[in-house]
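For reference, the structure is listed below as structure tokens.
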Amino acid sequence: QVQLRESGGGLVQAGGSLRLSCVASGFVFSINTMGWYRQAPGKQRELVATITGGDLTNYADSVKGRFTISRDNAKNTLYLQMNSLKPEDTAAYYCTFKRPPYTYWGQGTQVTVSS
């Protein structure tokens, strides 16, 4: 079955960096579009970034120029490099994979940015 396992979250000061990882299994990782979403307390889950099997990327305006999504198909791993972090980036971050009609989510990893 599809499994997505995130790691790499933590507490960081504003201006700092973190790299999130998501190890995927149960499907052909290399050819599928993957994404990162986040959800802050009291807010809706929002798209952060996506990457296609051909490495085309897309970012939310709020993270453009600061975050980089990438993938290592040999390791079935998705990454999110987050630089210049801001307090408003505080959220639970989720790795996601869509295979219609289903959307699969990892358990999430918490990122907290202190001011």
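Derived scalar couplings between HN and Hα for the range 38-55 equal 9, 9, 8, x, x, 10, 6, 5, 10, 6, 9, 6, 9, 9, 7, x, x, 6 Hz in order, rounded to whole Hz, by the Karplus curve 6.51 cos²θ - 1.76 cosθ + 1.60 (θ = phi - 60°), x for Gly and Pro. The range 43-115 and the range 1-23 have Cα centres separated by 9 Å. Built from the Cα atoms of the chain, the convex hull projects on average onto 6.8 nm², one quarter of its surface area. DSSP finds beta bridges in the chain, and of those with both partners inside it, around 90 percent are antiparallel. Extension gain for Thr103 to Leu47 (0.36 nm times residue separation, less C-alpha to C-alpha distance): 18.8 nm. With all protein chains in place and a 1.4 Å probe, the accessible surface of the chain carries 48 percent carbon and sulfur. A simple count of charges around Glu6, restricted to other residues whose Cβ falls under 13 Å of its Cβ and scoring Lys, Arg +1 and Asp, Glu -1, yields +3. Summary value for the chain: 36 percent relative contact order, contacts being C-alpha pairs under 8 angstrom separated by 6+ residues. Sites listed here are trypsin sites (Lys or Arg not before Pro) in the range 27-115 whose DSSP assignment is loop and whose Cβ has at most 16 other Cβ atoms within 10 Å: Lys43, Arg45, Lys64, Arg66, Lys75.
For the range 69-85, 3J(HN,Hα) computed residue by residue from phi via the Karplus equation (6.51, -1.76, 1.60; θ = phi - 60°) reads 9, 8, 8, 10, 5, 5, 9, 6, 10, 9, 10, 9, 8, 10, 10, 6, 5 Hz, glycine and proline entered as x. The lysine pair count for the chain, using Cα distances under 25 Å and pairs eight or more places apart or on different chains, is 6.
The values are calculated or read from the model by the stated rules, or taken from the named source; none is laboratory data. These numbers were taken from a predicted model, which means no experiment stands behind them. Glycine also receives a Cβ, built like all others from the backbone with ideal geometry; neighbour counts cover every protein chain displayed. Note: areas computed on protein heavy atoms with side chains; ligands, DNA, RNA excluded. Shrake-Rupley method; radii C 1.70, N 1.55, O 1.52, S 1.80 Å.
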